[in-house]
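Just below is one structure, and these are the notes that go with it.
Values in this text are rule-based calculations from the coordinates and carry no lab data. Everything quoted here is computed from the prediction, not taken from an experiment. Cβ placement follows ideal geometry from the backbone for every residue including glycine, while neighbour counts extend to all protein chains displayed.
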Amino acid sequence: MLSRRHVIADDIRDKISSGRIKAGERLPSEAQLASDYAVSTATLRHALGILHGEGLVEKIHGKGNFVRYPLRRITYLGGGLTLKATPWADSALRISVRTTNLQAHGQLTGLLGVPANSPLTEFLCLSHQGKSPHSLARIYVPHEFVPTGVPAESHCYDVVTAKLAELRPPLAEVRERVSARPPTPEEATTLRISSTLAVLAITRVAADRTGRVVEAALLVLPGDRTDALFTTHHVPHEGTSGE
C-alpha cells in the first residue's frame, strides 16, 4: 500500500499532467494543502519533496510552491578548447554574469597552479529559463588575463567571453573531470532544486601551450535536465591502411 505522501504526490502530479494545475501556477499554501488532504504539515512537505525531486514543483522562498514550466534540456559539449564548449549555447536561456575580484585560496590554488592569495577574477554565470534558474558556473581567470571594462553585472555572456578570449593565450589543452553528487545547500538554494536531486559537477581546467593554466571553471548542472556529450576522434597509427 502506498504511503500517504506518495498518494498526495500522485494526486498533485495527476492534476499537473491533466492541466488542472498549470505551469507557473502557485499551489495552495502548505497549511491549506495539509488541511485538504487531512495530513500533518510534515507529511505534506514530504509529498511536495517528491515533486521537487522530480522537477515538477519548485519552492520559491517567501512566495510558496509553484508548478515548474517544462524544463529545457542542456547538452554539455565536452572536449572543446574554447569557452563556447559550455552549457550556454542554448539561445532560449538567459545568462547573467557577475564579476568579482578575489584572491586564490583552497581548491583554486591547485586548479590554477598559483600561490595562495594570487589575484583572480571570478565570473559567476547563472542561466535562467524564464524566471527559473537553470544552471550555474563559476569561471576563474588569473587577473592579468582579464580585460579592462568588464562590468560587474552583465546579461551579455557572449560579449564577456569574447573579451576574455581576446586577451587569453591560445589554448592547447582542456582537462575535464565529471562527477555526479548531491548539490551543496548553496547550490540547491541558488538553483531552486531539491537537496536530493543529483547534479552533474564538471571541473574544467584550460592551459596554454606552455602548460600554464589560464582558466578554471566549476559548473553545476541539475541532473533532471542535463546530458553530457563527449566525442573522440580516432587517428589511425602511421602505416595503417585505415580501412
Enumerate the lysines that LYS163 could reach by cross-link, defined here as Cα to Cα under 28 Å, with residues fewer than 8 away along the same chain left out.
LYS84, LYS131
The range 212-226 - phi-based ³J(HN,Hα) in whole Hz, Karplus 6.51/-1.76/1.60, Gly and Pro as x:
6, 6, 10, 6, 9, 10, 10, 10, 10, 10, x, x, 7, 8, 10
Select from the range 22-74 those GluC sites (Glu not before Pro) which occupy a DSSP coil region and have at most 16 other Cβ atoms within 10 Å, ordered by residue number.
GLU25, GLU54
Debye equation applied to the C-alpha atoms of the range 4-67, log10 I(q)/I(0) at 0.14, 0.19 Å⁻¹:
-0.33, -0.63
Give a residue-ordered list of calculated ³J(HN,Hα) values for the range 100-113 (Karplus: 6.51 cos²θ - 1.76 cosθ + 1.60, θ = phi - 60°; whole Hz; x for Gly, Pro).
9, 8, 8, 10, 4, 7, x, 4, 5, 5, x, 5, 8, x
Dipole of the range 4-67, positive direction: furthest Cα of ALA23, SER40, GLY64, with charges on the beta-carbon:
GLY64
Out of every Cα-Cα pair in the range 74-230, what percent are more than 19 Å apart?
53
